[in-house]
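Below you will find the structure I want to go over with you.
FYI, it's all coordinate maths here, none of it is from the lab. Owing to the predicted nature of the structure, the values given are computational and were not obtained by experimental measurement. Here Cβ is always computed from backbone atoms with ideal geometry, including for glycine, and neighbour counts include all displayed protein chains.
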Amino acid sequence: MESWRAQPAVFWAFVLPGALWLLCFFIAPLALIWLLAFGERAGPVEIDITWTLANYAGVFDPVYIGLFGRSLWVATVATVLALVIGLPVALAISFAPARLKPLILLLIILPFWTNILIRTYAMIAVLRTKGFVNFGLEYIWQLGTVVLAPFGLDQAVMGERFVPLELLYNNTAVIFGIVYVYLPFMVLPLYATLDRLDRSLLEASLDLGAGQIRTFFSIIVPLARPGIVSGIILVFIPALGTFLISDLLGGTDSLLIGNVIERQFKAANNWPLGAAMSFVLLYVTFAVLALRAWVAGREGGLGKA
Amino acid sequence: MARREPIGPLDYTRRLWLRLWLLAVAVFLYAPIVILVVFSFNDSKRNIVWQGFTTDYYVKAAANASLIEAFTNSLVIALVSTVISTIVGALMALALWRFRFPGKPGLDGAVALPIVIPEICMGVALLVFFNRVGVSAAFGWPFSLLPIIIGHVAFSFPFVCVVVRARMAGFDRSLEEASKDLGASEWQTFWNVTVPFMKPGLIAGGLLAMTLSLDDFVITFFTAGPGTLTFPVQVYSMVRFGATPEVNAASTILIVVTVILTVIALRLQRPDKEAAKLA
C-alpha cells in the first residue's frame, strides 16, 4: 500500500467516480429525507423545513409504536427460524464431500437468483386456503377418514368435514415468507465460518467424551459465532424493513413498518412523517450494527487477554 | 453397497436426519417456484386446480404490449447498471486496495452503507431526491429509465467493490514492479498485469450486479416514474389484481432469462479458471 500522494492522478481517477456516485445518489438523498423529517406540509407538494419535532413525535404515537413492536417481533421470530433451519444446512454443506460442496451450495443460492417479487408471489399459491399446503392436509385427512372408518372413529378423530387452515394473510404467512426469501442470506455466512472450522477441535471434544450434542453447543456454536452474527444481521435488517412480503402475504392486521413508510410516500402523501419513520428505522438498524461491533470488539479484547 | 464404511463421528453429511433436513429445505426452497412454473401451463383462469396443458398464457403474455415494454426496460436497466457498477465498483476497490489516504475508514464505511441499510429507506430517499431534482421525464424513453439505473448502480457497485477487493487481496504486487522494471509504462502495467488478474473478480462482481438489478423490486418500485413500465412493477400490479396464469407465465420468462444469463456468465468465467490452473 502506498500513500495517495505518490500518484495523485491515479488515486483520484480510482476514487472519484464511486465517491461522487455515493455522495450524489446515496448520501444526498438520505440527507434530503433527514431534512424532510423536520418539515411541515405547506401544500400538496411543498414542504417547509421548520425544524419541527412533530413528525418524530408522530412516530411515537401508540399506533406506530405498536407497528414498530410488531415489526421487531416478526423480524426476530423469522431470524431465529432462519438460524434454526439454516445451521444444520450449513453444517451439512461444510461436511459434504468436496465434489458435492459447490453443487449443494448452488442449490441453496439458486432461488436467490429469482426476483423477490416472484418468490413472494409463488408463496401465495402454496399458502392460500385452496393452496398446496391445504391440499396436502386434505389428502391426509381423507386418508385418515378411510383408515379410521372401519373402527367408527373417523368422525370423532378427524371431524366431520375438512376445515382448511387459514395460512395466508396473517403474521405467520409474513414470517414464513421472510424465512423463505432470506434463508440463503443465513446459510452463506454460516457456511463460510463452518468451512474454516478446525476439525481437530471437534475430534478432540468427541475423544474426550463429550457427546455430539454437547460438542455442537460447546464447540461448533461458539466457534461459528462470527458467521451466526453475520447471518442474523443479514436476515434481521431486511426483515425489519420489508414491505413487499407483508404487503402480499400479510393481512390487515399484519402491517409492518415498511408498509406504513411506503404508504406515507405513496397513497397517504405525508412525506415528513414517512421521512421521520425511515430515520427511526435507520437508527434502529445502526443500533443493531453498533451492537454487533461492540460485541465483536469485546470478544476480540477477551481473545487477546 | 456392501463395502460402505461406517459413518464416522464427523461425517455429518452422511447422517440420515441431516440428509432429510437438507431434502426438506430443498423442497421448501424449490417447490413454490416449481409449482409456479408448472401452473403457467395450466388451462384455467382461476389457476387453482390443474385443468390441462396449454401455452395460451405465454401467447397472451407475448401479445401484452405493456408487459413486453416492461420486460425490455428491465433488461436495459440491468445491462446498463451492470456495466456502470462494475467499472465504478472496480475502481473504488483498486483505490481502497492500493492507497493509503486520510479519511479511508470513513470512505470504507460509507461504501458499505448501501449494503446494510434497509432497502426501503434508500428507496424513499431516492424517490424524494428524483422528485426534487427531476432529471428525466421531459426527455422521453431512454432517459426515463435514468433514475432507476442510477439507483441500481448506487446499491450494486458496493457489492462489486467488495468482490473485486477480495480478489485483489491475493495479488502479488511484485508482478507490477517486474512489469515496470522490464520497461512497461504505468498504463501498460495496469492493462496487461493488474486487469487480467482482476478479471475473475470483475466477472463475479458484474454477475452479482446484474443479478441484484434483475432481482430488485423495492428500489425500482420507488424510483420508477408514473409513466415508466418496469417488469417488477408491472407484475406487482398484476399480482394485486389477482393471481392469473399470465403472471405465472411472465414470471417464468424472467426466471428463464435470469438462469440463461447466469449460465452464460458462468461459462465465460470457466476458460479463465482453466488458464489459472495452467499458470
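Compute, for the stretch A:1-120, the length of the dipole vector about the Cα centre, with Cβ point charges of +1 (Lys, Arg) and -1 (Asp, Glu) only. Units Debye, rounded to 20.
Here the stretch A:1-120 has a charge dipole of around 680 debye.
Moving to a separate point now. Evaluate the distance, in nm, between pseudo-label points positioned 7 Å from the Cα of A:Ala31 and of A:Arg5 along their respective Cα→Cβ axes.
Distance between the two pseudo-spin positions: 2.8 nm.
Tell me the Rg and the Dmax, in Å, that the Cα atoms of the stretch A:242-305 produce.
That works out to 17.4, 56 Å for Rg and Dmax.
Once the mean 1/r over all distinct Cα pairs of chain A is inverted, what Kirkwood radius in angstroms do you read off?
Mean inverse Cα-Cα distance, inverted, gives 23.6 Å.
Quote the charge dipole size of chain A about the Cα centre in Debye, to the nearest 20; the model charges only the Cβ of Lys and Arg (+1) and of Asp and Glu (-1).
Around 600 debye, computed over chain A.
Let me ask something additional. Once the Cα gyration tensor of the protein assembly as shown is found, what semi-axes does its equivalent ellipsoid get, as square roots of 5 times the eigenvalues, in whole Å, sorted largest first?
39, 34, 26
Put +1 on the Cβ of every Lys and Arg and -1 on every Asp and Glu Cβ in chain A; which of A:Asn171, A:Leu117, A:Phe14 then has its Cα farthest towards the positive end of the dipole?
Working it through, the farthest residue towards the positive pole turns out to be A:Phe14.
Binning at 5 angstrom from zero up to the longest distance, how are the C-alpha pair distances of the stretch A:184-305 distributed in percent?
Histogramming the stretch A:184-305 at 5 Å steps yields 2, 10, 13, 14, 15, 12, 10, 8, 7, 5, 3, 1, 1, 0 percent.
Counting other beta carbons within 10 Å of each residue's own, what order do A:Ile109, B:Ile150, B:Ile33 fall into, fewest first?
Sorted ascending by nearby Cβ count, the order is A:Ile109, B:Ile33, B:Ile150.
Given charges of +1 on the Cβ of Lys and Arg and -1 on the Cβ of Asp and Glu, with all other atoms neutral, how large is the dipole of the stretch B:58-278 about its Cα centre, in debye to the nearest 20?
About 160 debye.
For the stretch B:44-197, report the translational diffusion coefficient in µm²/s to the nearest whole number, using Stokes-Einstein at 20 °C, 1.002 mPa s, and a Kirkwood Rh over Cα pairs.
Rounded to a whole number, D works out at 110 µm²/s.
Ok, one more. Over the Cα atoms of chain B, compute the convex hull volume and normalise it per residue, giving Å³.
That works out to 235 Å³ per residue.
Where in chain A are the helices, taken as whole DSSP H runs, whose Cα atoms extend 27 angstrom or more along the long axis and whose Kyte-Doolittle mean reaches at least -0.5?
A:62-94, A:171-195, A:271-304
Measuring from a point 7 Å past the Cα of B:Val37 along Cα-to-C-beta, which residues in the stretch A:115-144 have an amide N at less than 19 Å?
Zone members listed by number: A:115-126, A:132.
With the dipole of the protein assembly as shown worked out from charges on the C-beta (+1 for Lys and Arg, -1 for Asp and Glu) around the Cα centre, which of B:Ser179, A:Leu36, B:Val164 lies farthest toward the positive end?
Sorting the options by dipole projection puts first B:Ser179.
Over the Cα atoms of the stretch B:26-129, what is the Rg over Rh ratio if Rh follows Kirkwood?
Looking at the stretch B:26-129, the ratio lands at 1.18.
Toward the positive end of the charge dipole of the stretch B:58-278, about the Cα centre and with charges on Cβ (Lys, Arg +1; Asp, Glu -1), which of B:Ala112, B:Pro147, B:Ile84 goes farthest?
Positive-most Cα among the choices belongs to B:Ala112.
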